[in-house]
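The values are calculated or read from the model by the stated rules, or taken from the named source; none is laboratory data. Please read these numbers as outputs of a predicted model, since none were measured by experiment. Here the Cβ is made from the backbone with ideal geometry for all residues, glycine too, and neighbour counts use every protein chain on show. SASA here: full protein model, heavy atoms, side chains in, ligands and nucleic acids out. Shrake-Rupley method; radii C 1.70, N 1.55, O 1.52, S 1.80 Å.
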Amino acid sequence: LQSVARLLSELAANSQESFCGRERPYGVARKYWDVPMEMLHEEIGLLIGSAFVLGQAALTQSIAIITRLHNLSGLKVSIPRRKRDLLEMEAVRDPKTHVSHLVIIDTAANFFKHHHEWPTDWHLPSEKKVQAKTAADAHTLGFYGHEISDNMHVALQRMGIDQSEMADIASTIQDWRERLAQRFSQELGEPIDW
């Protein structure tokens, strides 16, 4: 996960360099960007979004492992079963929004994958509960509109991660997994190794 995220960071850095090479010495207002600048900006967002989706895959794997541990242990442990509760547990939080970094990863990945299905105003019908929750979380984080790059940058900023260090998404997940494994080990009296 970390090596792929590092490669995505390198690709994003190359795109950022190409983007900056098209700017004038004092920059260019966004409304005056040419088509190549717009495409490079979009490319950067796609790379960042891909890193979040990769992180979400690792979160999904972790939650599946925890579910199996719950089922195998047969014990009542204090580690919750619900995904959202797990993503909140033992997680570092954004100091401004108090949203856990793991929820940020999940929200950014879901936004990246599904925002095209959302109406312009993000008001989703009640039968789309999961997407409505993602939209609410995205709004809390400061996402706006359907612009991928800007919103992916917001997600990185909420986690305190620079675009050039997207491997920190993987580190965030690994650190969380280790804290959960330690907690599970204490409660079960058995060592847990991811």
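Odds and ends about this structure:
Residue by residue, here is whether (1) more than 19 Å from Ala170 (Cβ to Cβ); (2) assigned to a helix (DSSP H, G or I); (3) open to solvent by less than 30 Å² (accessible area, probe 1.4 Å); (4) not acidic (Asp, Glu) holds:
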position: Leu11; (1), (2), (3), (4): no, yes, no, yes
position: Met37; (1), (2), (3), (4): yes, yes, yes, yes
position: Ala51; (1), (2), (3), (4): no, yes, yes, yes
position: Arg84; (1), (2), (3), (4): yes, yes, no, yes
position: Phe112; (1), (2), (3), (4): no, yes, no, yes
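- Taking the criterion of being under 20 Å from Ala57 (Cβ atoms) and either open to solvent by less than 30 Å² (accessible area, probe 1.4 Å) or among the aliphatic types (A, V, I, L, M) (or both), the residues of region 114-130 that qualify are His115, Val130.
- Candidate set: region 151-174, residues that are surrounded by 14 or more Cβ atoms within 10 Å (Cβ to Cβ) and either touching an Asp or Glu at 6+ places or on another chain (Cβ under 8 Å) or among the acidic types (Asp, Glu) (or both); chosen: the one modelled with the lowest pLDDT: Glu165
- Hits in region 62-82 (condition: assigned to a helix (DSSP H, G or I), at pLDDT 75 or above and open to solvent by 70 Å² or more (accessible area, probe 1.4 Å)): Arg68, Asn71
- Any hit, region 39-48, residues being more than 30 Å from Ser171 (Cβ to Cβ), open to solvent by less than 60 Å² (accessible area, probe 1.4 Å) and at pLDDT below 90: no
- Residues in region 131-147 that are open to solvent by 90 Å² or more (accessible area, probe 1.4 Å) and over 21 Å from Ala58 (Cβ atoms): His139, Tyr144.
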